[in-house]
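First comes the structure, then the notes that go with it.
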């Protein structure tokens with residue numbers, strides 16, 4: 001099984017700021033802006049909150065509730081009105097999809113989605129980032145691939161539940177691809193299967209990728225099982241040895257600033273498979289599509 005660490009949500013270039021960690025500790029992922037999307041920020045909810053006000057306040061009005069939102073990956077059933085038969089789904093295109101294709105990503109592989117977050121609060125009836133808080137990378141969701149569909153190859157009327165998705169309304173691209181969640185899957189020695197997709201609703205220390213002693217979100221602290229020794233192929237985009245430093249029980253990585261999809265073959269990294277299973281145990285009761 002391949003693991004794909006997939007960067008998704010607001011950042012300094014797409015959206016202009018981190019996604020917020022709300023005062024109750026929940027991870028509120030803001031989808032990136034997309035003028036061609038038929039989805040508006042006011043159409044998407046996080047629990048009982050609409051994303052429009054949160055995005056408007058945190059971007060100081062640059063992004064508003066009536067702006068298009070690229071709701072992708074789309075993992076939470078109650079975040080947006082659904083057609084019958086809806087499944088959690090991720091779309092990918094362009095060079096990022098080319099990288100997934102070149103890495104052989106297919107049905108049976110697992111996406112772990114991460115993004116940049118910062119703690120936020122309400123001050124004078126507006127959302128703001130907590131003064132003095134720092135941005136960091138954290139994992140917020142997963143999708144185990146059940147089916148892969150190249151959009152140009154779909155027959156008319158196929159996947160009628162997916163017509164809302166932004167990848168049906170963007171620029172033409174022959175590589176435009178949808179990854180649809182499985183129902184459930186097994187990993188490592190787990191006896192009970194995991195849901196095929198879901199989100200980690202609240203921030204928890206094991207979800208944080210950034211080194212707590214680092215200066216930048218891209219300075220990661222990972223379990224030592226990620227360290228690419230003994231001739232094993234490294235996490236894609238991170239093959240340079242000087243990016244890595246081993247200091248058990250951790251290893252430290254200067255994460256690539258570019259690239260959305262980082263791929264690792266868990267078949268030769270068994271300790272990483274155990275780490276992923278540990279994360280998913282904590283998310284088993286989180287929000288997911290049944």
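Summed over the stretch 1-60, the residues that are assigned to a helix (DSSP H, G or I) and either touching a strand residue (DSSP E or B) at 6+ places or on another chain (Cβ under 6 Å) or under 20 Å from residue 168 (Cβ atoms) (or both) give a count of 6. Can you confirm whether the stretch 191-201 contains a residue that is farther than 17 Å from residue 72 by Cα, touching a strand residue (DSSP E or B) at 6+ places or on another chain (Cβ under 9 Å) and not in a loop (DSSP other than H, G, I, E, B)? Looking through the stretch 191-201, at least one residue is farther than 17 Å from residue 72 by Cα, touching a strand residue (DSSP E or B) at 6+ places or on another chain (Cβ under 9 Å) and not in a loop (DSSP other than H, G, I, E, B).
A count restricted to the stretch 62-81 and to residues that are part of a loop (DSSP other than H, G, I, E, B) and in contact with a helix residue (DSSP H, G or I) (Cβ under 7 Å, 6 or more places away or on another chain) stands at 8.
Given the structure, is residue 175 at pLDDT below 95 and surrounded by 16 or more Cβ atoms within 10 Å (Cβ to Cβ)? Reasoning before the result, please.
Details: at pLDDT below 95: yes; surrounded by 16 or more Cβ atoms within 10 Å (Cβ to Cβ): yes.
Spelling it out, residue 175 is indeed at pLDDT below 95 and surrounded by 16 or more Cβ atoms within 10 Å (Cβ to Cβ).
Per-residue answers, yes or no, for (1) assigned to a loop (DSSP other than H, G, I, E, B); (2) over 19 Å from the mean Cα position of the chain (by Cα); (3) within 20 Å of residue 99 (Cβ to Cβ); (4) at pLDDT 95 or above:
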residue	(1), (2), (3), (4)
128	no, yes, no, yes
143	no, no, yes, yes
157	yes, yes, no, no
161	no, yes, no, yes
164	yes, yes, no, yes
225	no, yes, no, yes
232	yes, yes, yes, no
236	yes, no, yes, yes
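Residues in the stretch 246-279 that are in contact with a strand residue (DSSP E or B) (Cβ under 7 Å, 6 or more places away or on another chain) and part of a strand (DSSP E or B): 10 in all.
The values are calculated or read from the model by the stated rules, or taken from the named source; none is laboratory data. Quick caveat: nothing in here was measured; it's all calculated off a predicted structure. Counting neighbours? That spans all protein chains shown, and the Cβs are built from the backbone with ideal geometry, glycine included.
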